[in-house]
Amino acid sequence: MKELTKLNIDRLSKRYWFDRESREIPALVDVSLSVSDGEFVAVVGPSGCGKTSLMNIVAGLLPYDEGTVSIDGRQVMGPGVDRAVVFQHSSLLPWRTIAGNIRYGMEMQRRFDAGTMRSRTDHFLKLVGLSGFENHYPSELSGGMQQRVNLARALAADPVVLLMDEPFAALDAQTREFMQAELLKIWTQAKKTVLFITHQINEAVYLADRVIVMSARPGRTKLDMRIELERPRRFELIETPEFLEPKKMLLASVREESLKAAP
């Protein structure tokens, strides 16, 4: 059976105007990428290759110059209820409780009644392992716990596509590994389509069904690699030959592009 495409990016280009230099600088050129229903796709590449620009365009936060971006066949023209973003920093509202933060996205959409919001808040609190913390405030939680709240808030809003922009980059190594494993558990249950930006090759191979390598600026899709590792994935997998082989290939590809980007 043919897989249903949820996110489609077709020949996308983005340029930035620099007043000081009176010229446009291309950030993305002719980027094409599709993500199927329930698929987890990670994007890696050298610094400045346009990964975050790509994420912001898909989120509807940044206009683009050429090409199309569509969700379920509908062109992206701005932010919408069909997408939710988990950024590097949790961006929780400090004056709202954990339950209040999770409800916030649903309240902004105005498409859930009060009972539905309560039940969805309880469900996703449990899903991210934070039952019992609903009346706490963000300042009372660790960085990893705050990111779990951020993820619960995004999932509670029931997006078609979940966008994640280096969500664990600010965490220490041990917490990051724990959050990666937790994300896989949550994703397996939530069945969401995910576009995940990261600069960590290990993270991309461990989490994703496919890994996209972006070229040095201007960013293009250089490599699209399917990760043939069985699920569920345990963290011990990272020491196996099956894991190390795609990691080696991806590292070589990113390193080649990083050398091109170097002064």
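The values are calculated or read from the model by the stated rules, or taken from the named source; none is laboratory data. These figures come from a predicted structure and were not determined experimentally. Glycine also receives a Cβ, built like all others from the backbone with ideal geometry; neighbour counts cover every protein chain displayed.
Okay, residues lined up against (1) out of contact with any strand residue (DSSP E or B) (no Cβ under 6 Å at 6 or more places or on another chain); (2) surrounded by fewer than 15 Cβ atoms within 10 Å (Cβ to Cβ); (3) over 23 Å from V160 (Cβ atoms):
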| position | (1), (2), (3) |
| --- | --- |
| S91 | yes, yes, no |
| R103 | yes, no, no |
| M106 | yes, no, no |
| S119 | yes, yes, no |
| S131 | yes, yes, yes |
| query | Only one residue in V44, V69 is touching a residue at least 24 places away in the same chain (Cβ under 8 Å), assigned by TED's automatic domain parsing to the domain that holds A252, among the β-branched types (V, I, T) and touching a Ser or Thr at 6+ places or on another chain (Cβ under 7 Å), so which one is that? | reply | V44
| request: Assess whether G80 counts as being touching a residue at least 24 places away in the same chain (Cβ under 8 Å) and in contact with a strand residue (DSSP E or B) (Cβ under 8 Å, 6 or more places away or on another chain). | output: no
| task | Select from the stretch 102-139 the residues that are part of a helix (DSSP H, G or I) and touching a Ser or Thr at 6+ places or on another chain (Cβ under 9 Å) and write down the one among them that is nearest to N150 (Cα to Cα). | result | I102
| said: Here is a list: E166, E177, E203. Which entry is surrounded by 18 or more Cβ atoms within 10 Å (Cβ to Cβ), among the acidic types (D, E) and at pLDDT below 95? | reply: E166
| request: Having 2 or more residues that are of a type in the set (G, A, S) is the bar; report the strands (runs of 3 or more DSSP E) wholly within the stretch 1-68 that clear it. | output: 23-36
| Residue pairs meeting the criteria (Cβ under 7 Å; at least 6 apart or on separate chains; first within 16 Å of P63 (Cβ to Cβ), in the stretch 18-31; second at pLDDT below 85) | I25/F18
| So which residues in the stretch 35-62 are over 19 Å from P167 (Cβ atoms) and at pLDDT below 95? | P46, G48
| request: Kindly provide the set of residues from the stretch 9-27 that are in contact with an Asp or Glu (Cβ under 9 Å, 6 or more places away or on another chain) and closer than 18 Å to R83 by Cβ, ordered by number. | output: L12, K14
| query | Tell me, which residue of the stretch 69-81 that is in a loop (DSSP other than H, G, I, E, B) and among the β-branched types (V, I, T) is surrounded by the fewest Cβ atoms within 10 Å (Cβ to Cβ)? | reply | V81
| Can you tell me which of E39, E3, E21 is in the same structural domain as H199 (by TED's automatic domain parsing), surrounded by 14 or more Cβ atoms within 10 Å (Cβ to Cβ), over 19 Å from A216 (Cβ atoms) and acidic (D, E)? | E39
